[in-house]
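Worksheet: one structure, shown below.
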Amino acid sequence: MTAIVEVRDLAREYRMGDERVPALRGVTFTVHQPEYVAIVGPSGCGKSTLLNLLGVIDRPTSGTVSIAGERVDQLDDARATEFRLRRIGFVFQRFYLLQALSARENVELPLAEAGMSTRERRARALELLEYVGLGRRERHRPSQLSGGEQQRVAIARALANRPALLLADEPTGELDARTGAEMIALFERLNRDGTTIVVVTHDEDLARAAKRVIHMRDGTIVDDVRVDPADRRVEPVGLAPEPHER
Amino acid sequence: MLATLALASLLRHRTRTVLAILGVAVSAAMLLDMVMLSSGMRESFRGLLLSQGFQLRLSPRGTLPFDTEATIRGADSLLAVLRARPTVAVASPVLGGQLHFPSRGATVTASALGVEPAVQGDYELVAGRQPTAANEIVANDATLRAIGHSLGDTVHAAAGYDPQLRTYSGERTLRIVGRVRFIYLALDQRAVALPIGTLRAMGGPASADRISLAMVKLRPGADVERERAALHALLPRVTVTSTAQALEQVDQRLSYFRQLAVILGSVSLIVGFLLVTTLVTVSVNERIGEIAVMRAIGVHRWRIVGQILLESSALMVIAAPLGLALGLVTARWLDSILARFPGLPERIDFFLFQPRAAWTALGLLVISGILAGVYPSWRSASLPIAVTLRQEAVG
Ligand SMILES: Nc1ncnc2c1ncn2[C@@H]1O[C@H](COP(=O)(O)OP(=O)(O)OP(=O)(O)O)[C@@H](O)[C@H]1O
Ligand SMILES: [Mg+2]
């Protein structure tokens, strides 16, 4: 098993004027390929802070983060950007698609940034949209899509450059139960197809779908459990899965 | 894709975009007008001074051409000296004065120039011919209108007039053989020209052998400055002014105009700059969440800056030609108002369109507009991603 994420003594303090707010106080864990990890815990316990450090959009106060064998905690902006582009897929609670672009163009954006030719990236974007079940909606603008559909476009966008790690912060946070269930099924399928996933969530169903749950409190890990597959109760949802190899 | 995003963001707020374009166009127009104003009068004076090809002007020592009523004595010998010089192609004498025309019980007074018609450089014929015979005269439209005569008519004229006694002196009957336009005079200024001998004869002993001014055209290849210095040394009673010097004089007198133009031009440049900075700041602030997401998924900083700059330069590229057109229209309009400025030669333009200056002005504006976008766009592209996303998710 290759280690995708290696976190050692990770700490992150925010400064509010003179006051220091310790959001993470020394967190250590490892995630292997292709694990599916849920991070849960009460509000304010540091889940998003941790995810942002894994996603290389923030820097720790101390400790180290390695992703796919590369130290990423002290990268400069240009390298961090390049790393995010090639190795990380990020899905946010709000769907955060670019409103001016169509579904397909949103997925094409990281491909274009990575320098893929127009023809190639168009084909790849279509393939990804089909994978998330939106092949027919490629021309639609985000405003013409439902919340669940927008989130699926966001997932397709996160997968565009075949990242080593897919990160999601409350991906079902703004979705209703049914759409949330579709999302859970999609994540399971992604994981089955080989994607390593770390998801932060309050959603018990989503957490239950994961194979490992990290419990946090007050900036530390208080429990780390591997879920027995037999224990899992998630109803499969008809998402019309498209055949896809990864 | 960058272009799509830039265009989309411009189209998202159509009214705002249109208003910004208009604002920038107005400031571009103002800038262009000021550039035209700062160089326009100078250039058109230059054109005026050079239009007849005379490079040197001789006036009574210590004066500028036609600045005073002083005249030069010994005109004939002076002209003989000039014409004997190998470098001199043409020497054209001018005697300034006044003629009075009794007309319908009143007296119309006009400036009169005594010239050698064959070599004169003070007027252009509009109709008729040069006043070659001693009793011939040419006049401009303002004069013809005032005295109620036209081409071919015979008129009565006097060099002297005593308004108290209502008596005339130096009277002659002259035939109007040409309708002319005086190059250095305002359109509504009454003026006539006639052979210098006739004007001298009418003026009596006081004007015998005198001229107000001599204009000199040099042979091709002659060094104007050297010839000026030579004439200055040779002729102690005159001041020799070259076109370059005359322009310097004009320049000094126009320095207020130029300062005004520079100040107003800078102001419009600053206004354009601030307008674009404001627009970019506002538009970037609206999209801060979108920008943070783009950064989070791996879009490089400079590409975001590029997209925003593309946006502001698109504004500029649309606004610039609009400003150019607007500037030309307002310049023409202002010029037509200022053309009625009393005492200025008809041909003087306050606003002169010189393509290079205009493009410089607009280039300056476009560059300043783009520069105005650099800072806010770079700042927004450099915001901490995680913090921005967090704030945007809450907001
Ligand atoms: N930019 C910041 N400046 C100051 N304090 C911050 C900042 N970001 C987070 N915090 C604080 O750090 C702590 C952890 O925040 P974090 O967002 O990681 O929690 P969370 O577990 O994701 O909570 P939630 O479940 O509500 O999303 C909180 O106390 C929060 O107030
Ligand atoms: Mg959170």
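Remarks
- Computed magnitude of the charge dipole of the protein assembly as shown (debye, nearest 20; Cβ of K, R +1, Cβ of D, E -1): 1720
- From helices alone, chain B scores -18500 deg cm²/dmol at 222 nm; the rule is -39500 (n - 2.57) for each run of n ≥ 4 DSSP H residues, then divide by the residue total.
- Placing a label point 7 Å from the Cα of A:SER146 along the Cα-to-Cβ direction, the residues of region A:91-116 whose backbone N falls under 20 Å from that point are A:92-97, A:103-104.
- If you take all other residues with their beta carbon under 13 Å from the beta carbon of B:ILE348, and give Lys and Arg +1 and Asp and Glu -1, the sum is +1.
- If you take all other residues with their beta carbon under 13 Å from the beta carbon of A:ARG25, and give Lys and Arg +1 and Asp and Glu -1, the sum is 0.
- Other protein chain C-beta atoms within 10 Å of residue C-beta, averaged over B:288-297: 6.
- Shape of region B:23-158, Cα gyration tensor, a/c cut at 1.5: oblate
- Burial ordering of B:THR132, B:THR360, fewest other beta-carbon atoms within 10 Å first: B:THR132, B:THR360
- With Cα atoms, 0 to 90° folded angle of helix B:385-394 axis to chain B main axis: 80
- Comparing B:GLY327, B:GLY96, B:GLY74 in a Gaussian network model of chain B (Cα springs below 10 Å), the most mobile by mean-square fluctuation is B:GLY74.
- Distance in nm between pseudo-label sites at A:GLU19 and B:ILE288 (7 Å out along the Cβ direction from Cα): 2.1
- Residues of region A:33-50 with amide N under 19 Å of a point placed 7 Å along Cα→Cβ from A:MET1: A:33-40
- Between B:ARG340 and B:ASP223, full extension at 0.36 nm per residue minus the direct alpha carbon distance yields a gain of 38.3 nm.
- Selection from B:ALA75, B:SER51, B:GLY96, by position along the positive dipole direction of chain B (Cβ): B:SER51
- 4 °C / 1.567 mPa s Stokes-Einstein diffusion coefficient of region B:114-164, Kirkwood radius on C-alpha pairs, µm²/s: 102
- Neighbour-count order for A:ASP58, B:ASP33, fewest beta carbons within 10 angstrom listed first: A:ASP58, B:ASP33
- Where labels lie 7 Å past Cα in the beta-carbon direction, separation of B:ILE183 and B:ALA127 in nm: 2.4
- Annotation: the residues B:LEU194, A:LEU126, sorted from fewest to most other C-beta atoms within 10 Å of their own C-beta, follow the order A:LEU126, B:LEU194.
- Local electrostatic count at A:LEU51 - Lys and Arg +1, Asp and Glu -1, tallied over other residues with Cβ under 10 Å: -2
- Computed from the Cβ-Cβ distance with R0 of 22 Å, the FRET efficiency linking B:THR278 to B:LEU11 stands at 0.70.
- The orientation-averaged shadow of the Cα convex hull for region A:1-133, equal to a quarter of the hull surface, comes to 10.4 nm².
Each value in this text was obtained by applying a stated rule to the coordinates, not by laboratory testing. In this text the structure is predicted, and so the values were computed from the model without any measurement. Neighbour counts are summed over all protein chains in view; Cβ atoms, including those assigned to glycine, are modelled from backbone coordinates with ideal geometry.
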